[in-house]
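The values are calculated or read from the model by the stated rules, or taken from the named source; none is laboratory data. The structure presented is a predicted model; accordingly, all values stated were derived computationally and were not measured. Neighbour counts are summed over all protein chains in view; Cβ atoms, including those assigned to glycine, are modelled from backbone coordinates with ideal geometry. All accessible areas refer to the heavy atoms of the entire protein, side chains included, with ligands and DNA or RNA removed. Shrake-Rupley method; radii C 1.70, N 1.55, O 1.52, S 1.80 Å.
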Amino acid sequence: MSVVISLFLFALAIGYVEYRLKGVKRDTDNEQSGAMDYFATKEEVKRLAKQWAEQAEADRLAFEERMASIEQKAFFDAEIKKKAEEEKAAQPVVEADPSVVFFRWPADDGTFNDSQREQVQTEYTYYRFHLDDTRTKADFTFITMSDTQLSKANNSSKKYIERACNFVGAKSSKFVCTPGKAHLERGKWVIDLKARIEYK
């Protein structure tokens with residue numbers, strides 16, 4: 001009986017030792033696994049930190065490059081503006097000739113309203129008036145600044161040309177104009193003699 005009890009106690013002791021050994025091994029495996037996870041996480045954090053630092057440096061360099069480009073463009077724009085202003089200031093001031101005025105096109109009745117006179121020729125003016133000393137009589141000619149402007153007039157001849165001019169030849173991009181005559185009456189320039197356009 002005592003032998004059986006001893007064997008039973010011995011078996012229990014062996015089982016307990018095996019259990020403890022398995023626990024120790026399990027704890028050791030967990031510790032190793034935890035250590036490996038820790039070191040892997042640490043390496044990943046270091047890798048990400050390095051990647052973020054590199055990206056931040058690249059962004060900083062790109063930002064500085066953009067700023068330098070903006071500053072350089074602003075500098076060149078300022079220089080160009082300054083040069084243009086200097087060139088404009090260096091040009092002699094040309095006073096408009098008060099005896100020369102410009103009109104867009106005649107009204108339906110063939111007259112030019114004096115209140116609509118302009119001091120300079122533009123892409124919208126088609127007639128140049130040269131006033132006499134009394135400023136009540138004038139010679140006038142049909143004029144254009146570009147082929148586009150002339151083409152517009154030719155395509156709408158009744159509006160732009162025929163109310164104030166006679167013309168000969170097929171409409172083209174080249175012409176000469178013999179001046180017509182007009183006089184100022186109650187704020188309107190009345191045509192006395194139409195101008196003559198000869199197309200080449």
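For region 104-200, which GluC sites (Glu not before Pro) are both in a DSSP coil and crowded by at most 12 other Cβ atoms within 10 Å?
Sites meeting the loop and neighbour criteria: 123.
Give me the distance in nm between label points sitting 7 Å out from Cα along the Cα-to-Cβ direction at residue 104 and residue 60, one decimal.
Inter-label distance under the simple model: 6.2 nm.
What net charge do the residues around residue 66 carry, taking every other residue with its C-beta under 13 Å from that of residue 66, with Lys and Arg at +1 and Asp and Glu at -1?
Result for the neighbourhood of residue 66: -2.
Check each of the chymotrypsin sites (Phe, Trp or Tyr not before Pro) in region 70-144 and keep only those in coil by DSSP with at most 14 other C-beta atoms within 10 angstrom; list them in order.
Answer by residue number: 124.
Based on the alpha-carbon gyration tensor of region 46-200 and its eigenvalue square roots a ≥ b ≥ c, which shape applies: rounded if a/c is under 1.5, prolate if not and a/b is larger than b/c, or oblate?
Note, shape of region 46-200 comes out prolate.
Roughly what would the spin-label model give for residue 130 and residue 76, points 7 Å off Cα along C-beta, in nm?
Label-label distance for residue 130 and residue 76, simple model: 4.7 nm.
Which length gain, in nm to one decimal place, applies between residue 53 and residue 151 when the Cα-Cα distance is subtracted from 0.36 nm times their residue separation?
Here the answer is 28.8 nm.
Around residue 177, what is the net charge, scoring Lys/Arg as +1 and Asp/Glu as -1 over all other residues with Cβ under 9 Å from its Cβ?
Once positives and negatives cancel, what remains is 0.
Leaving out ligands and nucleic acids, note down the accessible area per residue over region 50-194 with a 1.4 angstrom probe, in whole Å². Write down the numbers at each step before the final one.
Numbers: 10200 Å² over 145 residues.
That works out to 70 Å² for each residue.
Can you tell me how region 116-200 classifies by the Cα gyration tensor, rounded, prolate or oblate, using a/c under 1.5 as the rounded cut?
Taking the square roots of the gyration eigenvalues as a ≥ b ≥ c, region 116-200 is prolate.
At a Förster distance of 22 Å, what's the computed FRET efficiency of residue 84 paired with residue 120, Cβ-Cβ distance as r, to 0.05?
Details: r = 20 Å, r/R0 = 0.90.
So the FRET efficiency works out to roughly 0.65.
For residue 181, give me every one of the lysines with a C-alpha distance below 26 angstrom, ignoring sequence neighbours fewer than eight places off in its own chain.
Cα-Cα hits under 26 Å: 137, 152, 158, 159, 171, 194, 200.
Where a ≥ b ≥ c are the square roots of the eigenvalues of the C-alpha gyration tensor, would you call region 98-153 rounded, which needs a/c under 1.5, or, failing that, prolate if a/b is larger than b/c, or oblate?
prolate
First compute the accessible area of region 82-160 with a 1.4 Å probe, then give the percent of it belonging to carbon and sulfur atoms. Please list the in-between numbers first.
Values: 2540 of 5110 Å².
Solvent-exposed carbon and sulfur of region 82-160 make up 50 percent of the total.
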